[in-house]
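Here the structure comes first, spelled out in structure tokens, and everything after it is commentary.
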Amino acid sequence: MPKRILIVDDDPAIGSFIELIVRREGYEVKLVESAINLESVIGEFTPALIISDLMMPGRDGISLCRSLKSNPQTSGIQILLLSAKSFDSDKRAALSAGAAAYLVKPIRVPELISAIKTALATDVEVKVWGCRGSIPTPERIDTKYGNNTPCISVDVPGHGLLIFDAGTGFRLLGHSLAKSSLRRLSLFLTHFHWDHIFGLPFFAPFYMPGNEIHIYAPADSTDALTEKIEKQMGGDYFPVSIEAFRAAVKFHALHQEKMEVEGVTLSTLYAFHPGTTLIYRLDIGDHSLVYAPDNEILPESVEPELSGEALKLANFAAGASLLIHDCTYSRPQYDARRGWGHTCGAMLAAVAKQANVKRVLLFHHDPDNSDQQVEAIHQEFKEALAKVGADIPSEAASEGKTY
């Protein structure tokens, strides 16, 4: 059955134009000219999405959005707000009220269609924008695994876009987002080593008024976190400071904890890595993701059985749909670089088996490793899995790929 879309606009010409576009895309549509008593229409029509004008007699779009999002019976309905007003305050108010997107009139048809499809998506989508560790590798022009340092995005239907780490891949993601409507975004940093924050100054949505971006990272306080970002931008290290941001940017200090963010459950665990580093777990309905790009699993913590930090990690990742974990080295490379904060396949295999995860993505490829070496590390991981009697689908993370 086609999904139902309810259009609310007091201008018959604009409403009919939007209705024509939406019907042409194959959706079932109902057009009304007022948001007054709209709940009764919603009860009869049961839309998956509402496209509403912002300024209407009797009840404006933001009030409508707040009311529907505060009601458990209608909170799952996605809402797109349209307006000729391009003021930052209105854009931020719409996103804060729970709108999936805010589109400025005159409406561009491709932008509207894209916003509708994004709002109605049902699958959790994980995309890799960078998976190389330590430093980008522009010299590897033909690599299948990519050159950029860590950044992944998790698109959660009904809850927006969650971003993990801001390596050089963060710039690519920003260029992609700059082409779409304004959004509320959440960025989670695992730590502040260069390869995980290289991309911060180059993220286009920071410089777009109307966007609302929340930055979460390990820090003692919000002030301490803000100071860390301020030092990375401006002053001696970069010519542009965070004062150049035109989006509304808010900072949130994290510790080892469990919380609700954007309607999903987020848990953190301290990683075994130099400096304060977090591992993240997302639980979204039946889906769960664990992201641990920099974490060393010591051989003595898995042999002869899991103990210490390895056991903590296995318990933290238990049953995860997807485990994205550091697998920088082969075993000989690890033995030569023990204590650098990274892992090899044999150690990761033991944790993956104990945690009973459904799928593993090997991450943080060494900048000096060729495609063949990355694949050899993956093969070493699969052989280690077989030795412990586990059959878990796995692959080496590849930039640009969606999972």
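The values are calculated or read from the model by the stated rules, or taken from the named source; none is laboratory data. Please read all numbers here as calculations on a predicted model, not as lab measurements. Ideal geometry is used to build each Cβ from the backbone, glycine not excepted, and the neighbour counts take in all protein chains shown. Heavy atoms of the whole protein, side chains included, go into the accessibility calculation; ligands, DNA and RNA do not. Shrake-Rupley method; radii C 1.70, N 1.55, O 1.52, S 1.80 Å.
Rolling a 1.4 Å probe over the protein heavy atoms leaves residue 85 with an accessible area of roughly 60 Å². Anyone know which of 307, 153, 267 comes out most mobile in the 10 Å Cα GNM of the chain? Ranking 307, 153, 267 by mean-square fluctuation puts 307 first. Restricting the calculation to Cα atoms, the range 157-213 yields a radius of gyration followed by a Dmax of 11.0, 32 Å. Extension gain, residue 207-residue 46: 0.36 nm per intervening residue step, less the Cα-Cα distance, totals 54.2 nm.
The Cα atoms of the range 103-192 cover 43, 26, 22 Å along the three principal axes, with the biggest extent listed first. When a/c is below 1.5 the answer is rounded, else prolate if a/b is larger than b/c, else oblate, so apply that to the range 200-273 with a ≥ b ≥ c taken from the square roots of the Cα gyration tensor eigenvalues. Taking the square roots of the gyration eigenvalues as a ≥ b ≥ c, the range 200-273 is oblate. Given their separation in residues at 0.36 nm each and the Cα-Cα distance between them, residue 13 and residue 139 gain 39.9 nm when the chain is fully extended.
Restricted to Cα atoms, the range 13-82 shows a radius of gyration and a Dmax of 11.7, 33 angstrom.
How much accessible area per residue does the chain have, counting only protein heavy atoms and a probe of 1.4 Å, in square angstrom?
On the way: 17210 Å² over 403 residues.
Per-residue value: 43 Å².
Computed over neighbours whose Cβ is under 15 Å from that of residue 150, the net charge equals -2, Lys and Arg +1, Asp and Glu -1. On a per residue basis, the convex hull of the C-alpha atoms belonging to the chain measures out at 151 Å³.
For the range 275-334, what is the convex hull (Cα atoms) projected area averaged across all directions, in square nanometres?
On the way: hull surface 19.1 nm².
Seen from a random direction, the Cα hull of the range 275-334 projects 4.8 nm² on average.
In a reduced charge model with +1 at each Lys and Arg Cβ and -1 at each Asp and Glu Cβ, the range 1-75 shows a dipole moment near 320 debye about its Cα centre. Basic side chains Lys and Arg get +1 at the Cβ, acidic Asp and Glu get -1 at the Cβ, and with that the dipole of the range 226-375 about its Cα centre reaches some 240 debye.
With +1 on each Lys and Arg Cβ and -1 on each Asp and Glu Cβ, how big is the dipole of the chain about its Cα centre, in debye rounded to the nearest 20?
On the way: 38 positive and 50 negative charges, 147 e Å.
My answer is approximately 700 debye.
Farthest toward the positive end of the dipole of the chain, out of 259, 233, 206, is the Cα of 206, where the dipole comes from beta carbon charges about the Cα centre.
Computed from label points 7 Å out along Cα-Cβ, the spacing between residue 255 and residue 222 is 1.7 nm. Size descriptors for the range 252-378: radius of gyration and Dmax over Cα atoms are 14.4, 43 Å.
At 0.36 nm per residue, minus the direct Cα-Cα distance, what do residue 67 and residue 33 gain on full extension? Give it in nm, one decimal, please.
Working: separation 34, 0.36 × 34 = 12.24 nm, distance 1.81 nm.
Computed gain between residue 67 and residue 33 is 10.4 nm.
Here the chain exposes an accessible surface that is 51 percent carbon and sulfur, computed with a 1.4 Å probe and the other protein chains kept in place.
Of 259, 55, 347, the order by accessible heavy-atom surface (1.4 Å probe, DNA, RNA and ligands excluded), from most exposed downward, is 55, 259, 347. Applying a DSSP loop filter and a limit of 14 other Cβ atoms within 10 Å to the trypsin sites (Lys or Arg not before Pro) in the range 230-318 leaves 246. Relative contact order, whole percent, for the chain stands at 11, derived from Cα pairs under 8 Å and 6 or more residues apart.
A P(r) calculated from all alpha carbon pairs of the range 169-302, with 5 Å bins opening at zero, reads 2, 9, 17, 21, 21, 16, 8, 3, 1, 1, 0 percent. Accessible surface ranking for 270, 145, 1.4 angstrom probe, highest first: 270, 145. Using R0 = 41 Å, the C-beta based FRET efficiency linking residue 178 and residue 383 works out to 0.40.
Measuring max minus min along each principal axis, the C-alpha atoms of the range 55-141 give extents of 60, 31, 24 Å (largest first).
Can you give the translational diffusion coefficient of the range 184-229 in µm²/s, computed by Stokes-Einstein from the Kirkwood radius over Cα pairs at 37 °C and 0.692 mPa s? If you can, show how the numbers build up before the last one.
Numbers: Rh = 11.6 Å.
Value of D from the Cα-based Kirkwood radius: 284 µm²/s.
The Cα center of the range 213-234 and the Cα center of the range 273-347 differ in position by 25 Å.
Take the Cα of residue 120, go 7 Å toward its beta carbon, and the backbone nitrogen atoms of the range 15-47 under 11 Å from that spot belong to 22-30.
Normalising by the residue count of the range 359-403, find the relative contact order in percent from Cα pairs under 8 Å and 6+ residues apart. Mind showing how you got there, number by number?
Values: 26 pairs, mean separation 27.0, N = 45.
Relative contact order comes out at 60 percent.
Each other residue within a Cβ distance under 15 Å of residue 312 adds +1 if Lys or Arg and -1 if Asp or Glu, for a net charge of -3. The three principal axes of the C-alpha atoms in the range 303-363 carry coordinate ranges of 32, 23, 16 Å, sorted with the longest axis first.
Could you please report the charge total around residue 77, scoring K, R as +1 and D, E as -1 over all other residues with beta-carbon less than 15 angstrom from its beta-carbon? Don't skip to the answer; put the middle values down first.
Values: positive: 3, 4, 30, 66, 69; negative: 28, 39, 44.
Residues close to residue 77 contribute a combined charge of +2.
For the range 117-149, trypsin sites (Lys or Arg not before Pro) are listed when DSSP marks them as loop and at most 14 other Cβ atoms sit within 10 Å of their Cβ; the list is 144. Normalised by the number of residues in the range 96-217, the average gap of Cα pairs under 8 Å and 6 or more apart makes the relative contact order 23 percent.
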